[in-house]
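Notes for the one structure printed next.
Values in this text are rule-based calculations from the coordinates and carry no lab data. Note that the structure is a prediction, hence the values are computed from the model and not measured. Ideal geometry is used to build each Cβ from the backbone, glycine not excepted, and the neighbour counts take in all protein chains shown.
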Amino acid sequence: MTGLFGSVFDPPHEGHVALLRDARAHFGFERVAVLVVADPGHKQVDTDPSTRLGLARLAFPDVEVEPDRHARTIDMLRERHFDDPIFLVGADQFADFLTWKEPDGVLELARLGVATRPGFSRATLEPVLAALAHPERVELFEIEPLDVSSTEVRERAARGEPIDMLVPLAVAAEIERLGLYRGDAPRR
C-alpha cells in the first residue's frame, strides 16, 4: 500500500505534517510519496517549484519527496504506477472533489484517504459520496486538529512575525534564510 500526499506546499506546515503522520498510523503504508505539484491548475503559487520541493524535503525528511509535473491528479495517476495507492486529502479538499478532473477516474486508479478533524460532520461530505460511482473507495480518518494554513504562514512571514509554531523548525529556518514571502524571494 502506497500513501500519496500531493500539494503545492507553499509552504508545508504543521497541518500537513500531522495529516501525513496520522494517515501513516491509520493506514500502515509500506511506502509514502510526497508529491510537490510544480504547476497546479487550480491555484496560483508564490514560490518556484524547486524551492517548494526543498521546503517539503525539510518538512518530510523520512519519506520520498518528489516533484509532480502534472496539474491534475488523474493525469499523474495515469502516468505513474503505485502499489495500491491511497491519495490523501483533507476533508475541505474532498468537499470540492466533484470539481476535480474526472473524479470517478481518480477513484478507479487510487483510493482516497480523507482526513477529518474531531467533531467534523460527515453529513458535509455525504453529497459528494452520493455522487460518486465508487464511494466505497473513499475512507475517512481522523487527524489531530491544527488551525494552520499556508496562507497564514505566508502572511505572517510577510509581516516579519514568527512562524516557528506553524511550520517545522527546519522549514522556518529555510524560509528565513531565503527571505521567502517577503517580496525578495525566488518566485514563479
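Structural remarks
- Summarising the amide proton neighbourhood of Glu142: residues at separation of 5 or more, or on other chains, whose placed amide H is nearer than 5 Å comprise Thr116.
- Cα gyration tensor category, rounded, prolate or oblate, for the range 99-188 with a/c compared to 1.5: prolate
- Computed from phi, the 3J(HN,Hα) profile of the range 131-142 under the Karplus parametrisation 6.51, -1.76, 1.60 (θ = phi - 60°) reads 8, 8, 5, 9, x, 5, 8, 10, 10, 8, 9, 8 Hz, with x in place of Gly and Pro.
- Measuring between their Cα centroids, the range 58-113 and the range 17-57 lie 10 Å from each other.
- Most mobile of His13, His26, His42 in a GNM of the chain (Cα contacts under 10 Å): His42
- Stokes-Einstein translational diffusion, the range 30-133 - Kirkwood Rh over all Cα pairs, 1.002 mPa s, 20 °C, in µm²/s: 142
- Taking the square roots of five times each eigenvalue of the Cα gyration tensor of the chain, the equivalent ellipsoid has semi-axes of 28, 18, 16 Å, listed largest first.
- Over all other residues within a Cβ to Cβ distance under 11 Å of Leu166, the charged ones net out to -4, with Lys and Arg as +1 and Asp and Glu as -1.
- Dipole magnitude (debye, nearest 20) for the chain, charges at Cβ of Lys, Arg, Asp, Glu: 340
- Across the range 1-58, the convex hull enclosing all Cα atoms gives 86 Å³ per residue.
- Taking Cα atoms only, the orientation of helix 49-59 departs from the longest principal axis of the chain by about 80 degrees.
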